[in-house]
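Here is the structure we will look at.
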Amino acid sequence: MKKLELFFENEEGKTVKHTLDKPVYPVDVEAVEAAMDEIISQNAFTSTGGDLVVKKSARVVETTIEDIELDV
């Protein structure tokens, strides 16, 4: 499963991460940057350290899950 992780800096200078499941892949960098700018300008999310004020980075994380069948 792929996830898009967006990293912002809040008013206290701490990093805040927001994760989105199942992003469109390949990722459109310009669209991600525009969305992050919009999140900041609309003050869409807050954190315990205050409003999000700066976009820091973004990344796609892929997790592989393998079930193990147990004798139950």
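Values computed for the structure shown
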| quantity | calculated |
| --- | --- |
| Per-region count, region 3-24, residues surrounded by 16 or more Cβ atoms within 10 Å (Cβ to Cβ) and not aromatic (Phe, Trp, Tyr) | 7 |
| Filter pass, Val16 being of a type outside the set (Gly, Ala, Ser), at pLDDT 95 or above and out of contact with any Lys or Arg (no Cβ under 8 Å at 6 or more places or on another chain) | yes |
| Residue, surrounded by the most Cβ atoms within 10 Å (Cβ to Cβ), within region 25-57, restricted to residues that are under 30 Å from Asp67 (Cβ atoms) and more than 13 Å from the chain's Cα centre (by Cα) | Tyr25 |
| Sole residue being among the charged types (D, E, K, R), modelled with pLDDT of 95 or more and in contact with a Lys or Arg (Cβ under 6 Å, 6 or more places away or on another chain), chosen from Glu38, Glu30, Glu9 | Glu9 |
| Filter result (touching a strand residue (DSSP E or B) at 6+ places or on another chain (Cβ under 8 Å) and farther than 12 Å from His18 by Cβ) within region 33-47 | Glu33, Asp37, Asn43 |
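The values are calculated or read from the model by the stated rules, or taken from the named source; none is laboratory data. This one's a predicted model, so the numbers in the text were calculated from it and none came from an experiment. Note that we place each Cβ from the backbone using ideal geometry, even for glycine, and neighbour counts take in every protein chain shown.
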